[in-house]
1. Taking the stretch 327-358, which residues are of a type in the set (Val, Ile, Thr) and closer than 17 Å to Gly263 by Cβ?
2. Listed residues Val313, Val360, Val356; which is in a strand (DSSP E or B) and either under 24 Å from Thr420 (Cβ atoms) or out of contact with any Asp or Glu (no Cβ under 6 Å at 6 or more places or on another chain) (or both)?
3. Answer yes or no as to whether Phe247 is surrounded by fewer than 24 Cβ atoms within 10 Å (Cβ to Cβ), at pLDDT 95 or above, within 18 Å of the chain's Cα centre (by Cα) and under 30 Å from Leu67 (Cβ atoms).
4. Of the residues Val50, Val16, Val56, only one is out of contact with any Pro (no Cβ under 9 Å at 6 or more places or on another chain) and buried (at least 18 other Cβ atoms within 10 Å of the Cβ); which?
5. Within the stretch 292-335, how many residues turn out to be charged (D, E, K, R) and within 26 Å of Val244 (Cα to Cα)?
6. Given the criterion surrounded by fewer than 20 Cβ atoms within 10 Å (Cβ to Cβ) and within 30 Å of Leu128 (Cα to Cα), identify the matching residue among Ala305, Ala310, Ala318.
7. Among the residues of the stretch 405-444, write down those that are surrounded by 23 or more Cβ atoms within 10 Å (Cβ to Cβ), under 27 Å from Thr321 (Cα atoms) and aliphatic (A, V, I, L, M).
Amino acid sequence: MNTEKSKQLFDAALAVIPGGTCSKSNSPFEGFSPYPLFIERAAGSRLWDVDGNEYVDFYAALGPTILGNANSEILDFVSQEMSKGSHYGLPFELQIKVAEKLVKHVPSFDRVSFMNSGTESNQLNIRLARAYTGKNLLLKFEGQYHGWLDNTCFSLSGVSLEKLGPPTRPNKVPATQGMAAHAGDDLITIPWNDPEILEKTITKHKDRIAAVITEPYMCNSGCIPPNPGYLELMRELTQKYNIVLIFDEVITGFRVGLNCAQGKLGVVPDLTTLGKAFGGGFPISAWGGKKEIMHLIAEDKVLRAGTLNANRVVVAAAYATLSILERDNGRIYEYLYRLGNRLMEGIRKSIDAVGVEAIVQGPGPMFQVYFTKLKKIQNSRDNAQSRRDLHHDFVLRLRNRGILVRPAQLGEFYVTAAHTEEDVDRTLEAVGDVLREMKQQKALA
């Protein structure tokens, strides 16, 4: 596959943009080697790069484009609303209508408001939890990502077992240079899906923990579901000890169902962060929860701010996206699950047929392929033992066959409403060809 123009643009970008891209997630450091694809346009389930190559898009802009690329209904409504002005720095009625939709569908939302990114909204929820409880510590889980600011940026996916240390006495591993020397002083990190460690940690620090923040499905170490009873235990312990439970549903919100992961799993947190899918590809996030906590905002006891928060462009995109997702009581999710489950099962059959040590796991609308001897990935430590080199090779070979998936093994296949049965057929054929080729070339050793 010829990608010479992408190479030329990457070289040009290196001269003016540090690292050549605007986020690590689409850089060579995340597997886009030796350089990322530069995209010319997108429509439906397809992307076209500047060299004219066409791809079936399971990258989905890292998850937001749940209705597909350049959805005409979203773009038409956004264009209509933009004609009224893009931003005023003052309220307008459509903000209320989007908030009403979110309160209707998200079980934890009594009140909700908006920011531009998941990082910002998570920080607001953490601040609210500290103000509400009068406590300071934050408990997070290894391999989970809640934004790039210093106070949560520890023990992310990809950290070696050696650096993490023993699971009962884990190290807090900073993700980057330049973090404040005491950034982790108010943070505890532990492995996910271990009820004994969870209970011991919360019980020991119950008088100091303000909040537990978690993804209800781990989505930044591939795709890892909670073990039965784990979130229920987390909910029980946090309620018992006056600890705020925060669900980071930036990825899972409106991707796994109309009522988000909390509705699907039947565990309701105190506060929730949303992003990605509900904006349909536009930069908007939401934060909110119980009215008794959110009153701290209404009474001006907790500061929130942001010049471009809830501007007309992104609010219009969210309104149009949610309007489509909620039609016929969320019937679109039946389609997402049908396609996703068929794709997952087809990949499993190819894995078995070729005799590859690999598994596929996820709820359907998103899933991950792990090259591992394990029967199930339960946390980031399991993921650290999987063969990331094989995953990277697998994804790059798929890309050369016109199937685009995030190359780093911390992002999933994302199924969108624009994907078709024909897309699934084409992808399964490519997966089978790639696995057989890897086997024949002894690339799986």
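The values are calculated or read from the model by the stated rules, or taken from the named source; none is laboratory data. Computed from a predicted model, the values in this text were never measured in an experiment. Methodologically, a virtual Cβ is constructed for each residue, glycine included, from the backbone with ideal geometry; neighbour enumeration extends over all protein chains shown.
1. Of the residues in the stretch 327-358, the ones of a type in the set (Val, Ile, Thr) are 332, 347, 351, 354, 356.
Result: Ile332, single match.
2. From the options Val313, Val360, Val356, the qualifying one is Val360.
3. Values: surrounded by fewer than 24 Cβ atoms within 10 Å (Cβ to Cβ): no; at pLDDT 95 or above: yes; within 18 Å of the chain's Cα centre (by Cα): yes; under 30 Å from Leu67 (Cβ atoms): yes.
For Phe247, the condition - surrounded by fewer than 24 Cβ atoms within 10 Å (Cβ to Cβ), at pLDDT 95 or above, within 18 Å of the chain's Cα centre (by Cα) and under 30 Å from Leu67 (Cβ atoms) - is not met.
4. Numbers: Val50 fails: buried (at least 18 other Cβ atoms within 10 Å of the Cβ); Val16 fails: buried (at least 18 other Cβ atoms within 10 Å of the Cβ).
Just one listed residue meets the conditions, Val56.
5. Here is the first cut: in the stretch 292-335, the ones charged (D, E, K, R) are 292, 299-301, 304, 312, 326-328, 331, 334.
Still in the running and within 26 Å of Val244 (Cα to Cα): 292, 299-301, 304.
Summing the residues that are charged (D, E, K, R) and within 26 Å of Val244 (Cα to Cα) in the stretch 292-335 gives 5.
6. Values: Ala310 fails: surrounded by fewer than 20 Cβ atoms within 10 Å (Cβ to Cβ); Ala318 fails: surrounded by fewer than 20 Cβ atoms within 10 Å (Cβ to Cβ).
Within the list Ala305, Ala310, Ala318, the selection yields Ala305.
7. Result: Val405, Leu410, Val415.
Yes/no matrix, rows are residues, columns are (1) charged (D, E, K, R); (2) farther than 21 Å from Pro363 by Cα; (3) within 16 Å of the chain's Cα centre (by Cα):
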{"site": "Arg255", "(1), (2), (3)": "yes, no, yes"}
{"site": "Lys264", "(1), (2), (3)": "yes, no, no"}
{"site": "Asp270", "(1), (2), (3)": "yes, yes, no"}
{"site": "Gly275", "(1), (2), (3)": "no, no, yes"}
{"site": "Met294", "(1), (2), (3)": "no, yes, no"}
{"site": "Ala298", "(1), (2), (3)": "no, yes, no"}
